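Each reported figure results from applying straightforward, stated rules to the coordinates on display, with no laboratory input. Keep in mind the model is a prediction, meaning the values are calculated, not measured. Ideal geometry is used to build each Cβ from the backbone, glycine not excepted, and the neighbour counts take in all protein chains shown.
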Amino acid sequence: GAGVSQSPSNKVTEKGKDVELRCDPISGHTALYWYRQRLGQGLEFLIYFQGNSAPDKSGLPSDRFSAERTGESVSTLTIQRTQQEDSAVYLCASSPSPTPFYGYTFGSGTRLTVV
Amino acid sequence: EDQVTQSPEALRLQEGESSSLNCSYTVSGLRGLFWYRQDPGKGPEFLFTLYSAGEEKEKERLKATLTKKESFLHITAPKPEDSATYLCAVQDPNSGYALNFGKGTSLLVTP
């Protein structure tokens, strides 16, 4: 597609429920990133996928968070047993290069609200 | 400890009133400093990458500069459409790809 597509754009869930967020990167972009943006905070790195290499999960805040990517296409971020502190905008970005030097293309994000 | 600190948090300018945004960083061995623009309800949009002290990049009314401890985003004769949050980021020294972002400067340009 023309850009990075994320769905849903908004998600309200009850505390303790599981949620799944989806990201469709730009076709041909081998690198895919998930970031979290909490109100009043800078973007926080969560996870990085590059081609068929093992993902870098070092930014995931707890074992309730997991992510998968199918080849060089769609990625899903799953949050189990959601907590109120998980409320944030979850942003996906893709890049044609393994390095950030040429800039990421971000999607518009999924706004997650845990009530 | 924050690696990237942006100031001011918010800035209001009249159309045509030039100013600068500041990004201070503490990471050693800088491998790249990045500027992004974020509009409400949208993901950040890439503006510039700076690699070394003394480097400058320009795009329309924006010019980014880099020293050994900070970067400036100069906005010359801004227009209302320049209103956005401007984000600064540095490459995480412990990875080859993750970025550490500042909290941003929210810029409002009034007619």
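Using a Gaussian network model of chain A in which every pair of alpha carbons under 10 angstrom is joined by a spring, one finds that among A:Ala54, A:Ala31, A:Ala88 the greatest mean-square fluctuation is at A:Ala54. Sequence-distant contacts, meaning Cα pairs under 8 Å at least 6 residues apart, place the relative contact order of region A:1-62 at 23 percent. The Cα atoms of the protein assembly as shown give a gyration tensor whose axes a ≥ b ≥ c have a/c of 1.5 or more with a/b greater than b/c, which makes the shape prolate.
Please say if chain B is rounded, prolate or oblate, where rounded means a/c under 1.5 for a ≥ b ≥ c the square roots of the C-alpha gyration tensor eigenvalues, and otherwise the choice is prolate for a/b larger than b/c and oblate otherwise? Prolate. Short-range pairs are left out: with C-alpha atoms under 8 Å and at least six residues apart, the relative contact order of chain B is 37 percent. Karplus-derived 3J(HN,Hα) values for region A:37-45, using 6.51 cos²θ - 1.76 cosθ + 1.60 with θ = phi - 60°, are 10, 8, 4, x, 10, x, 5, 10, 5 Hz; glycine and proline are entered as x.
Identify the residues of region A:20-47 with backbone N under 16 Å of a label point that sits 7 angstrom from the Cα of A:Ser87 along the Cα-to-Cβ direction, or state none. Once the point is set 7 Å along Cα→Cβ of A:Ser87, A:37-41 turn out to lie under 16 Å by backbone N, inside region A:20-47.
Rounded to whole Å, the principal axis extents of the Cα atoms in region A:5-107 read 37, 28, 24, largest first. Taking amide hydrogens as placed 1.01 Å from N in the peptide plane, the amide H of B:Lys103 sits under 5 Å from those of B:Gln6, each at least 5 positions away in sequence or on another chain. Across chain A, the longest run free of exposed loop sites, meaning trypsin sites (Lys or Arg not before Pro) lying outside DSSP classes H, G, I, E and B with no more than 16 other Cβ atoms within 10 Å, spans A:82-115.
Loop-located GluC sites (Glu not before Pro) in region B:1-102 (DSSP state not H, G, I, E or B) with no more than 16 neighbouring Cβ atoms inside 10 Å: B:Glu1, B:Glu9, B:Glu15, B:Glu17, B:Glu55, B:Glu60.
Which loop-located trypsin sites (Lys or Arg not before Pro) does region B:49-110 contain, where loop means any DSSP state but H, G, I, E or B and the Cβ has at most 12 other Cβ atoms within 10 Å? Don't jump to the answer; show the numbers that get you there.
Working: sites: B:Lys57, B:Lys59, B:Arg61, B:Lys63, B:Lys68, B:Lys69, B:Lys103; in loops: B:Arg61, B:Lys68, B:Lys69, B:Lys103.
Hits after loop and neighbour filter: B:Lys68, B:Lys69.
The GluC sites (Glu not before Pro) of region A:1-58 that meet both conditions, a loop assignment by DSSP and at most 14 other Cβ atoms within 10 Å of the site Cβ, are A:Glu14. Remark: chain B carries a charge dipole of roughly 120 debye about the Cα centre, counting +1 on each Lys and Arg Cβ and -1 on each Asp and Glu Cβ.
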